[in-house]
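Read the structure below first, then the notes.
Each value in this text was obtained by applying a stated rule to the coordinates, not by laboratory testing. Remember, it's a predicted structure, so these values are computed and weren't measured experimentally. Neighbour counts run over all protein chains shown; Cβ positions are idealised from the backbone, glycine included.
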Amino acid sequence: MCGIVGLFLKDKSLEPQLGALLCEMLVSLSDRGPDSAGIAIYGSGGQQSKITIQSAKPEGDFTGLAKELGEKLGDKVCVIVKSTHAVIEVPIGKLDEAREAILSLRPGVRIMGAGEVIEIYKEVGLPKQVVDRFGLTGMAGTHGIGHTRMATESAVTTLGAHPFSTGPDECLVHNGSLSNHNNVRRELIREGMKFETENDTEVAAAFISHRMAQGADLGEALESTLTDLDGFFTFVVGTKNGFGVVRDPIACKPAVMAETDRYVAFGSEYRALAKLPGIEDARIWEPEPAKVYFWEH
């Protein structure tokens, strides 16, 4: 099963509503995945980079972290705590240094995602529980993707939840299963990629990040999945400026899209789109098998 959603805003006046719209889309698909849920929100860029972290012991791990990390980086650091997650704002240019410092200071935390605009929140539980825990309906942004999971390839854990992020401001959600993920994982490890789970979706995310690091744009990276990844899949991908969708050549996983002059939306089922503003005037279609769709700001 699993349910996936995506919303890419063209109309800036909708940006304050991104969290509310995206969360409503995901909650409507809760019965497609009762195990865990997650959302990635792309906000506006600023003077800081962001690192979203998660901890099983947030009180201990987050207390004093801003001061300790600031001393290690020799610069000002801000830590915004949201339940089991925290968003750490660090100076642009110190993202990699900050990631290493965080893991050395707090070995028990997990990095959910990092970049200039991305924030990722995911936990075990139904979408409504995850949305309420992190206050996601109040978040603003330009685009976002979400996932509610019925586990098939790995354990039900926070790390196993989607979205998976394997590059700066990049993340992916997936409905389906990959048959050659172990071989692809081995190849990517030889190329220097690192993995935290046995999940096949993390392999797909890393594959796309690796292709983009080699110079491919989002559309080209998604095209590569059609020749190099085997299995059943619908991917929805977010980057700093972009939003993309691709289905495997058989396309047995359900998908529907809608586009107006205000937004582009994706859902595993139409009910995820039904309450979007102006949906009655949208162009609505089922994305074709083996065809890449992507939009960029």
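Return, ordered by residue number, the residues of segment 93-117 whose backbone nitrogen is under 20 Å from a label point located 7 Å along Cα→Cβ of Glu59. Taking a point 7 Å out along Cα→Cβ of Glu59, the residues of segment 93-117 whose backbone N falls under 20 Å are 106-110. When the charge dipole of the chain is built from unit charges on Cβ atoms (+1 for Lys and Arg, -1 for Asp and Glu) and taken about the Cα centre, the candidate among His147, Leu65, Ser177 whose Cα reaches farthest toward its positive end is Leu65. Modelled spin labels at Glu196 and Ala216, positioned 7 Å past Cα toward Cβ, are 2.4 nm from each other. Taking the C-alpha atoms only, the angle from helix 181-190 to the longest principal axis of the chain is near 40 degrees. Fully extending the segment from Ser179 to Asp228 would add 16.5 nm, taking 0.36 nm per residue of separation and subtracting the current Cα-Cα distance. Just Gly215, Gly176, Gly33 to compare: in a GNM of the chain, with alpha carbon springs under 10 Å, which one fluctuates most? Sorting by GNM fluctuation, first place goes to Gly215. Derived scalar couplings between HN and Hα for segment 205-214 equal 4, 5, 4, 5, 4, 5, 5, 5, 5, 7 Hz in order, rounded to whole Hz, by the Karplus curve 6.51 cos²θ - 1.76 cosθ + 1.60 (θ = phi - 60°), x for Gly and Pro. Taking segment 24-63 and a reference point 7 angstrom along Cα→Cβ of Asp75, the backbone N atoms nearer than 20 Å belong to 43-53. For segment 46-116, the percent of C-alpha pairs falling in each 5 Å distance bin, counted from 0 to the bin holding the largest distance, reads 3, 19, 35, 28, 13, 2. Taking every lysine pair in segment 46-116 that is 8 or more places apart or spans two chains, those with Cα atoms closer than 12 Å amount to 4.
Test of understanding: what is the full-extension gain from Thr152 to Ile279, defined as 0.36 nm times their sequence separation minus their Cα-Cα distance? Could the numbers behind the result be given before it?
Values: separation 127, 0.36 × 127 = 45.72 nm, distance 3.27 nm.
42.4 nm is the gain from fully extending Thr152 to Ile279.
Between the amide H of Ala274 and any residue lying 5 or more places away or on another chain, no distance stays under 5 Å, with hydrogens modeled in the peptide plane.
Axis of helix 95-105 versus longest Cα principal axis of the chain: the two differ by about 60°, to the nearest ten degrees.
Between Glu286 and Gln129, the simple spin-label model (points 7 angstrom out along Cα→Cβ) gives 3.3 nm. For the residues Lys128, Lys82, Lys57, a GNM of the chain with alpha-carbon springs under 10 Å puts the largest fluctuation on Lys57.
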